[in-house]
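The structure appears right after this line, and notes come after that.
Each value in this text was obtained by applying a stated rule to the coordinates, not by laboratory testing. Everything numeric in this text was worked out from a predicted model, so none of it was measured. A quick note on method: Cβ atoms are made from the backbone with ideal geometry, for glycine too, and the neighbour counts reach across all protein chains shown.
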Amino acid sequence: MNSYNAYSDLIESRLKDYKDNIAYIDDEGKYTYHELDERISNFANNIINEGFEIEDKIILCLLDTIDFPVAFLGCIKAGVIPIPVNTLLTEENYKFILNNSRAKGLIYSNELHPKLLNLISSSVFIKKTYISGGEDKINSFNKLLIDCKDCLSKELHNKDDECFWLYSSGSTGNPKGTVHVHKSLVVTNELYAKNILNIKPNDIVFSAAKLFFAYGLGNALTFPLCAGATTVLSKERPTPDLVFSIFEKYEPSLFFGVPTLYSAMLNSEKIPSQIPSRLCISAGEALPIDIGMQWEKKFNIKILDGIGSTEMLHIFLSNSEKSLKYGTTGKPVPGYEVILLDENSHPVKQGEIGELRVKGPSSALKYWRNVEKTKKTFIGEYTVSGDKYYLDEDGFYVYAGRADDMLKVSGQYVSPFEVESALISHNDVIEAAVVGRKDDAGLVKPHACVVLVKGSVNNEEKKSELKDYVKNKIAPFKYPRWIEFVDELPKTATGKIQRFKLRENF
């Protein structure tokens, strides 16, 4: 079996062409590809000297600094399995992941020390911890970066070996450890980045989605590294103000965001008259048609909406510069196949809503220690996405909602996303979320939670106005029977609306 290591493909094989290019810019400085490789190699050798062995696991709970790609790729080079985790989880989620993964090591940012301290001391499996930043010299991450002679053999790995894990969102239960193999990282670059983004060495990349997300990992690590491009990292939460400041300071040519952030930026009082990006990308949740059109009208820059997942590692269905239709998620990325199935697993007709399943070479191997969920998600060559879609008359896939968010009103399926998009197109609405609520007869009807533009009147007349507005935009039976004005909507760290939290009120 041919040997293969993802680190070699991402870094080592590209040093000849890109060693003097700037690979990363973070809050502390700039780092060339040569400097990045030195850090990675020292890290890899030092963790072996620290006692970690092939296929041991190390959890990375790191903010977006140079230490993240160093630790992630250093683990991979050494044959140790890195497990990046969300830095915004609850203590309960962290406790579950520490025990579920049985990781022997933990590397975390100093800012997260208060949240993790008690968990570390009570962990059965964690043997060693390292802190990025701060003043702890004994457990400092920096001791893993000291010069260390290369003593590793990269011949121990092949493309189908376990390479890294990502824990999916635990919003409706415990997080699931999604196991990916060595070949998957570069596969996403070959299929999505090369076909859709056309990244060049002179590109500067900024991703609002953090590196611990599958989306952010491709945006800010795999794709720019494969191209010899430069990536800007920031520890801070990606608010409109932060993004605008990064636009001004670094002039990124590629920007990766999420729909809620694009909406907030368009509604910001500090929105600039122009931005430096040549292309913008959106994922995490479907991009409403009005946001895409407003953005392009304002800046003359396209937003390419797509859908990916932790299980598929990155985007597999996407718009492109040559084939773009706002209000849709585009078409399959070359190398991926998708099908839409009804409740009996039969293909649906064009225009009918079905469950989306996807087949492609970046699919995860399994869920760690979760056989039943693995069987329900990875069916033959296909991965069940949990999303509902339909194929429109132009061959574009249109998002209808998560399978568990769909409503059946008057015997017909109603997509919450369709109703939300209609509401968002109103000049007074910033955001909306639609869930099912039973009326007095016990029948399910749409209930809308709406965030209004600052200064808008939120009275009964406004509710009636919005209901009538929706009736004129989409099929009348889909209009929200109830409208509730809220200050904000519950969201995940990626910006996805947590409709299940809204449903809990009914």
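Which of W165, W368 comes first, and how do the rest follow, when ranked by fewest Cβ neighbours within 10 Å?
The order, fewest Cβ neighbours first, is W368, W165.
What Kirkwood hydrodynamic radius do you get for the chain when you take the inverse of the mean 1/r over all pairs of distinct Cα atoms, in Å?
23.7 Å
State whether segment 355-462 is rounded, prolate or oblate according to the following rule on the C-alpha gyration tensor (a ≥ b ≥ c being the square roots of its eigenvalues): a/c under 1.5 gives rounded; otherwise a/b larger than b/c gives prolate, and the remaining case gives oblate.
Because a/c hits 1.5 or more and a/b exceeds b/c, segment 355-462 counts as prolate.
Along segment 366-371, what does the Karplus equation 6.51 cos²θ - 1.76 cosθ + 1.60 (θ = phi - 60°) give for ³J(HN,Hα), rounded to whole Hz, x for Gly and Pro?
4, 9, 5, 6, 8, 5
Work out from phi, with θ = phi - 60° and the Karplus expression 6.51 cos²θ - 1.76 cosθ + 1.60, the ³J(HN,Hα) of each residue of segment 183-192, listed in order in whole Hz, and give x for Gly and Pro.
5, 5, 4, 6, 4, 5, 5, 5, 8, 8
Between rounded, prolate and oblate, where does segment 67-145 land on the alpha carbon gyration tensor, with a ≥ b ≥ c its root eigenvalues, rounded for a/c under 1.5, else prolate if a/b exceeds b/c?
Judged from the Cα gyration tensor, segment 67-145 comes out oblate (a/c at least 1.5, b/c at or above a/b).
For the chain, give the magnitude of the charge dipole about the Cα centre (Cβ charges: +1 Lys/Arg, -1 Asp/Glu; no others), in debye to the nearest 20.
For this selection, approximately 680 debye.
Given the options I497, H426, Q412, identify the residue whose Cα lies farthest towards the positive end of the charge dipole of segment 406-503 (+1 on Cβ of Lys, Arg; -1 on Cβ of Asp, Glu).
Q412
Assigning unit charges at the beta carbon (Lys, Arg +1; Asp, Glu -1) and nothing else, what dipole magnitude in debye, to the nearest 20, does segment 406-503 show about its Cα centre?
420 debye
In segment 186-403, with Lys and Arg counted as +1 and Asp and Glu as -1 at Cβ, which of these residues, N198, V333, N319, has the Cα nearest the positive end of the dipole, that is, farthest along it?
The Cα lying farthest towards the positive end belongs to N198.
Given bins 10 angstrom wide, list per bin the percent of all Cα-Cα distances in segment 406-503, short to long.
16, 51, 29, 3
How large is ³J(HN,Hα), in whole Hz, for each residue of segment 342-358 in order, when computed from phi with the Karplus curve 6.51 cos²θ - 1.76 cosθ + 1.60 and θ = phi - 60°, using x for Gly and Pro?
Using θ = phi - 60°, the values come out as 7, 5, 9, 6, 9, x, 8, 7, 4, x, 8, 7, x, 7, 7, 10, 10 Hz.
Eight or more residues apart or on different chains, and alpha-carbon atoms under 19 Å: count the Lys pairs in segment 54-129 matching that.
15
Assign one of three labels to segment 397-449, namely rounded, prolate or oblate, based on the Cα gyration tensor with a ≥ b ≥ c the square roots of its eigenvalues; rounded applies when a/c is under 1.5, prolate when it is not and a/b is larger than b/c, and oblate otherwise.
Verdict is oblate for segment 397-449.
Tell me, what is the percent relative contact order of the chain, built from C-alpha pairs under 8 Å that lie six or more residues apart?
11 percent
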